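Read the structure below first, then the notes.
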Amino acid sequence: MKKVAILGSTGSIGTQTLDVIRHNDDLELVAISAGSNITLLEEQIREFHPELVAVWSKTKADELRIAISDVTPACKVVSGMEGLLEVATIASSDILVTAIVGMIGIQPTIAAIKAGKDIGLANKETLVTAGHIIMPLAKEYNVRILPVDSEHSAIFQCLNGENDNKISKILLTASGGPFRGMTKQDLELVTLEQALKHPNWAMGRKITIDSATMVNKGLEVIEAKWLFDVDPSQIEVVVQPQSIIHSMVEFEDGAVMAQLGTPDMRLPIQFALYYPNRVYLDGKRLDFSMLSEITFEKPDMDTFLGLRFAFDALKVGGSMPTVFNAANELAVAKFLNKRVRFMEIYDMIEFCMQRHDLIENPTVEQILDTEQWVYETIESRWIS
C-alpha cells in the first residue's frame, strides 16, 4: 500500500490525483491541503478519510473543523504555512504530490525532501525559482523527484532505462495554446474568456492563461533544465498542435524517442505514483487509424514573448527566473480579475526583469524577498 499526501487537492491536478487513487485499491490518501475551497475539501474528506487536512485560511479551517465534526475517524485540521509543512512531512506518507500553485510550494517541498518523501512534482515554480536548491537536496536525501507535468513525464519516460546515454537535445512540445497563429495586433484584442478556452487540455485558470501567453512553456523549459541536468542550449520547444506527442529526447547518436498518448493528465500522475511500474488506466486510447496527421511548427517567440523571456531568465540565472515567475503570477492574477489587458502580462514581466539587481545564488529567503520586490515593483507601476 502506497500512502499519498497532496498539496492542492481541490485544483485540477489534485482532483485528478484523487481520481487515480479512487480507482486503485493499493493507493491510500493520508493528507491533503487546499486554499479556501472547503466545500469541495469537505467532500474529499468524507470520501477518502485522510488523517490530516490543511487549509491556508485559519478562518476557513475553523469552518471546516465544524463542518466535519461528525466524520469518523476524526480528521485533524490545521492552517497556514505550518499546516502545509505538516501535510508535507506527515510520517505515514510515502510520496507528496505538490499540486499547489505558486512559490508557496517551495518550503513544503524542501521540508518533504528532508523528511525523506518522494516528490510527485506538479508545482513547477519550485524548480523554476529554487532548482539550484531542490535538486542537490533531493540527491543528498536520496529522494526521487518524479515529474507530473505531461511534458516532463514524457521526457522522464523516454529516458527510463537509458542509464548514462548522453542527451543531445530535449524537444519540449507545446500545443500553441488558444491563440496559436495570431499576431501581436490580434492579441491586443483578446478577452479573458477567449484565453481560458484551451483547445486540448482541461486545466486550472492560471495555467490556462500561462498556456495562452506561452509563459507556461517557458516555465517548463526552466524546469527541464533542473530535472534533466541539461544546458539551456539543449532545450528546443516544438509546437505540436494535436497534443499527441507529449515530448521527445534526441540522443547523441541522432535517435529520437517520443512519448505519445491522448491528452489525459491522469497518465503522468499515475506513472509518478507507481514508478517504476505501470498499471492499468481506464480512458480513451490513441487510435492511429483515426489519426489523420501529427504536425509540427516553430514557436513564434516574437509574438508570444513569454517563451523568449523564459529563455532570457534561464540564461541569466540566479534570481532572474524568480523575477520572471513572480511577475507573471501577479500579472495573470490581475488579468483574471480583468484589471489589465492580455498583452500587459508581457509588459509587467519585462518591466521587472529589466530593473532587477541580480542575486547570483539566492537562498530561499532571498527568493521570497525577490518575489516581494516584484510585487511591490508592479503595484507601484500598475495602479488599477
Mind listing just one residue for me: the one in region 204-233 that is in contact with an Asp or Glu (Cβ under 9 Å, 6 or more places away or on another chain) and hydrophobic (A, V, I, L, M, F, W, C) and, of those, surrounded by the most Cβ atoms within 10 Å (Cβ to Cβ)?
Met214
Among Asp312, Asp287, which is open to solvent by 40 Å² or more (accessible area, probe 1.4 Å), not hydrophobic (A, V, I, L, M, F, W, C) and not in a helix (DSSP H, G or I)?
Asp287
For region 52-100, name all the residues that are within 16 Å of Gly35 (Cα to Cα), polar (S, T, N, Q) and in contact with a strand residue (DSSP E or B) (Cβ under 7 Å, 6 or more places away or on another chain).
Ser57, Ser79, Thr98
When (1) β-branched (Val, Ile, Thr); (2) closer than 30 Å to Pro232 by Cβ; (3) open to solvent by 30 Å² or more (accessible area, probe 1.4 Å) are applied to Val279, the one that fails is (2)
Just to verify a result, which residue in region 47-63, among those that are under 24 Å from the mean Cα position of the chain (by Cα) and in a loop (DSSP other than H, G, I, E, B), is farthest from Asp25 (Cα to Cα)?
Ser57
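Residue-wise test of (1) under 14 Å from the mean Cα position of the chain (by Cα); (2) open to solvent by less than 20 Å² (accessible area, probe 1.4 Å); (3) at positive phi.
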site	(1), (2), (3)
Leu127	yes, yes, no
Ile134	no, yes, no
Leu137	no, no, no
Asn142	no, no, yes
Which residue, of Ala61, Ala88, is open to solvent by less than 40 Å² (accessible area, probe 1.4 Å) and under 23 Å from Ile145 (Cβ atoms)?
Ala88
Tally time: how many residues in region 23-58 are open to solvent by 10 Å² or more (accessible area, probe 1.4 Å), among the hydroxyl-bearing types (Ser, Thr, Tyr) and closer than 14 Å to Thr10 by Cα?
2
What single numbered condition from (1) at negative phi; (2) buried (at least 16 other Cβ atoms within 10 Å of the Cβ); (3) in contact with a Phe, Trp or Tyr (Cβ under 9 Å, 6 or more places away or on another chain) fails to hold for Gly177?
(1)
Tell me whether region 362-379 contains one or more residues that are open to solvent by less than 70 Å² (accessible area, probe 1.4 Å), farther than 29 Å from Asp231 by Cβ, assigned to a helix (DSSP H, G or I) and not β-branched (Val, Ile, Thr).
yes
Return the only residue of Thr295, Thr322, Thr303 being open to solvent by less than 30 Å² (accessible area, probe 1.4 Å), in contact (Cβ under 8 Å) with a residue 12 or more places away in the chain and in a loop (DSSP other than H, G, I, E, B).
Thr303
Looking only at region 1-12, which residues are of a type outside the set (S, T, N, Q) and in contact with a helix residue (DSSP H, G or I) (Cβ under 7 Å, 6 or more places away or on another chain)?
Lys2, Val4, Ala5, Ile6, Leu7, Gly8
How many residues of region 147-166 are open to solvent by 20 Å² or more (accessible area, probe 1.4 Å) and under 27 Å from Arg266 (Cα atoms)? The answer is 8
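The values are calculated or read from the model by the stated rules, or taken from the named source; none is laboratory data. What you see is a predicted model, and the numbers here were worked out from it, not measured in a lab. With ideal geometry, Cβ positions are generated from the backbone for all residues, glycine too; neighbour counts draw on all protein chains shown. For accessibility, only protein heavy atoms count, side chains too; no ligands or nucleic acids. Shrake-Rupley method; radii C 1.70, N 1.55, O 1.52, S 1.80 Å.
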